[in-house]
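S.K.: Quick one: structure below, then a few questions.
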Amino acid sequence: MNGRVLITGAAGALGRSVVRRFVAAGERVLAVGDRGLAEIAAMAPPDVVRIHQADLTVTSEVDRLFAVAEEDGLAAVVHTVGGFRWGKTADFSDDDWSFLLKVNLDSTFRVFRATARAFTKARAGSLVAVASPAGLLGEPGMGAYAATKAGVLRLVESLARELAPVGARVNSVLPGTMDTAANRAAMPDADFSKWVTTDAVASVIHFLTTPAASAVNGAAVRVPGPIL
């Protein structure tokens, strides 16, 4: 890949797996987060993994991030940032609603806008965003979360069509419940064997950025994990 891969949410459970997958494939990475980046920096030499701290809900910080990314050439963007809140609509608080809008949609819009500008200049590039099966069907207690993830999917579809004329692609992955420490703590009685690993999701994300996936654009790729 000619250029660096920008990975948001790099210090999260999925983000760490995504960074490892791209480094293993010989790619250069710009790992982005708002905290916990020391572990990421230790994965590879600085010329392979650069780190950058940014609040992706702030336009000026996103603009500075992409200015850094474009110094080395920007080949791909992987947007893993997202948050979750559960609650029935009648009981859902303003604060939880604002949190979901900020983390799931504000960050996505700003990253997508900056990516669109960069890929239009380069006339190439691949963007992969992490969405959720909840964006396809709202379940009880999931309405607010589902609404924001549906918004991510619609942004992916629109941007894919906007960037296709310049040779860039935009896709999303929709993981099932991921096997992370946080999810195990939140659902200790669940059957973890049915969950998808973050490494498996990272492999699908990596594939979508490669020439082998050149015919895939505007897609929502489900990654449910084992079906047992």
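S.K.: Quick one: which of ARG154, ARG85 is surrounded by fewer than 15 Cβ atoms within 10 Å (Cβ to Cβ) and either assigned to a helix (DSSP H, G or I) or not polar (S, T, N, Q) (or both)?
M.R.: Checking each option against the conditions leaves just ARG154.
S.K.: Another question about this same structure. Restricting attention to the range 18-34, and to residues there that are assigned to a helix (DSSP H, G or I) and of a type in the set (A, V, I, L, M, F, W, C), which single residue is farthest from ALA67 (Cα to Cα)?
M.R.: Let us first name the residues in the range 18-34 that are assigned to a helix (DSSP H, G or I), namely 18-24.
Okay, now just the ones that are also of a type in the set (A, V, I, L, M, F, W, C), so 18-19, 22-24.
Working: VAL18: 22, VAL19: 20, PHE22: 21, VAL23: 22, ALA24: 25 Å.
Only one residue tops the list, namely ALA24.
S.K.: How many residues are open to solvent by less than 20 Å² (accessible area, probe 1.4 Å) and not in a helix (DSSP H, G or I) if we restrict to the range 157-171?
M.R.: The qualifying residues number 3.
S.K.: Do we find a residue being closer than 21 Å to PHE22 by Cβ, open to solvent by less than 20 Å² (accessible area, probe 1.4 Å) and in contact with a helix residue (DSSP H, G or I) (Cβ under 9 Å, 6 or more places away or on another chain) anywhere in the range 130-138? Lay out the reasoning, then the answer.
M.R.: First, pick out the residues of the range 130-138 that are closer than 21 Å to PHE22 by Cβ: 130-131.
From the residues that got through so far, the ones that are open to solvent by less than 20 Å² (accessible area, probe 1.4 Å) too are 130-131.
Keeping just the survivors that are in contact with a helix residue (DSSP H, G or I) (Cβ under 9 Å, 6 or more places away or on another chain) gives 130-131.
Within the range 130-138, one or more residues are closer than 21 Å to PHE22 by Cβ, open to solvent by less than 20 Å² (accessible area, probe 1.4 Å) and in contact with a helix residue (DSSP H, G or I) (Cβ under 9 Å, 6 or more places away or on another chain).
S.K.: Looking at the range 214-228, which of its residues are part of a loop (DSSP other than H, G, I, E, B), modelled with pLDDT of 95 or more and either open to solvent by less than 60 Å² (accessible area, probe 1.4 Å) or of a type in the set (S, T, N, Q) (or both)? Before the answer, list the steps.
M.R.: Going residue by residue through the range 214-228, those that are part of a loop (DSSP other than H, G, I, E, B) are 214-219, 224-228.
With the extra rule that they be modelled with pLDDT of 95 or more, the set shrinks to 214-219.
Within the range 214-228, SER214, VAL216, ASN217, GLY218, ALA219 qualify.
S.K.: Might you let me know whether the range 27-44 holds any residue that is within 19 Å of SER126 (Cα to Cα) and open to solvent by 10 Å² or more (accessible area, probe 1.4 Å)? It would help to see each step written out before you state the result.
M.R.: At the first step, the residues of the range 27-44 found to be within 19 Å of SER126 (Cα to Cα) are 27-32.
Those left that are additionally open to solvent by 10 Å² or more (accessible area, probe 1.4 Å): 27-28.
Yes, there is a match, as at least one residue in the range 27-44 is within 19 Å of SER126 (Cα to Cα) and open to solvent by 10 Å² or more (accessible area, probe 1.4 Å).
S.K.: Let me ask something else. Given the criteria without any contact (Cβ under 8 Å) to a residue 12 or more places away in the chain, in a helix (DSSP H, G or I) and of a type in the set (Phe, Trp, Tyr), does PHE119 qualify? Working first, answer last.
M.R.: Numbers: without any contact (Cβ under 8 Å) to a residue 12 or more places away in the chain: no; in a helix (DSSP H, G or I): yes; of a type in the set (Phe, Trp, Tyr): yes.
So PHE119 does not fit the description; no.
S.K.: Separate question: List the pairs whose first member sits in the range 3-17 and is more than 9 Å from VAL78 (Cα to Cα), whose second member is open to solvent by less than 10 Å² (accessible area, probe 1.4 Å) and part of a loop (DSSP other than H, G, I, E, B), and whose Cβ atoms are under 9 Å apart, counting only residues at least 6 apart or on separate chains?
M.R.: Partner pairs satisfying both residue conditions: ARG16/ALA10.
S.K.: Still on this model: Which one is surrounded by the most Cβ atoms within 10 Å (Cβ to Cβ), of the residues in the range 172-184 that are touching a residue at least 60 places away in the same chain (Cβ under 8 Å) and in a strand (DSSP E or B)?
M.R.: Filtering the range 172-184 for residues touching a residue at least 60 places away in the same chain (Cβ under 8 Å) gives 175, 178, 180-182.
The next check asks that each one be in a strand (DSSP E or B); those that pass are 175, 178.
On the way: PRO175: 23, MET178: 19.
Only one residue fits best here, namely PRO175.
S.K.: Further question on the same structure: Going residue by residue through the range 49-65, is there one that turns out to be among the polar types (S, T, N, Q), surrounded by fewer than 22 Cβ atoms within 10 Å (Cβ to Cβ), farther than 16 Å from ALA129 by Cβ and in contact with an Asp or Glu (Cβ under 7 Å, 6 or more places away or on another chain)?
M.R.: Our first condition is that a residue be among the polar types (S, T, N, Q); within the range 49-65, this holds for 53, 57, 59-60.
Narrowing the set further to residues that are surrounded by fewer than 22 Cβ atoms within 10 Å (Cβ to Cβ) leaves 53, 57, 59-60.
Among the residues that remain, those that are also farther than 16 Å from ALA129 by Cβ are: 53, 59-60.
Subset that is in contact with an Asp or Glu (Cβ under 7 Å, 6 or more places away or on another chain): 53.
For the range 49-65, residues among the polar types (S, T, N, Q), surrounded by fewer than 22 Cβ atoms within 10 Å (Cβ to Cβ), farther than 16 Å from ALA129 by Cβ and in contact with an Asp or Glu (Cβ under 7 Å, 6 or more places away or on another chain): present.
S.K.: Please go through the range 98-116 and give me each residue that is in contact (Cβ under 8 Å) with a residue 24 or more places away in the chain and touching a Lys or Arg at 6+ places or on another chain (Cβ under 8 Å), ordered by number.
M.R.: LEU100, ASN104
S.K.: Go through PRO188, PRO211 for me and flag whichever is open to solvent by 40 Å² or more (accessible area, probe 1.4 Å), at pLDDT below 95, farther than 20 Å from PHE109 by Cα and of a type outside the set (A, V, I, L, M).
M.R.: Working: PRO211 fails: at pLDDT below 95.
Going through PRO188, PRO211 in turn, just one is open to solvent by 40 Å² or more (accessible area, probe 1.4 Å), at pLDDT below 95, farther than 20 Å from PHE109 by Cα and of a type outside the set (A, V, I, L, M): PRO188.
S.K.: Residue by residue through the range 38-64, note down the ones that are outside any loop (DSSP other than H, G, I, E, B) and in contact with a Ser or Thr (Cβ under 9 Å, 6 or more places away or on another chain). Outline the logic, then answer.
M.R.: We begin by selecting, within the range 38-64, every residue outside any loop (DSSP other than H, G, I, E, B); these are 38-41, 49-53, 59-64.
Answer for the range 38-64, where residues must be outside any loop (DSSP other than H, G, I, E, B) and in contact with a Ser or Thr (Cβ under 9 Å, 6 or more places away or on another chain): just VAL62.
The values are calculated or read from the model by the stated rules, or taken from the named source; none is laboratory data. The structure displayed is predicted, hence computed values, not measured ones. Note that each Cβ is placed from the backbone with ideal geometry, even for glycine, and that neighbours are counted across all protein chains shown. Accessible surface areas use protein heavy atoms only, side chains included; no ligands, DNA or RNA. Shrake-Rupley method; radii C 1.70, N 1.55, O 1.52, S 1.80 Å.
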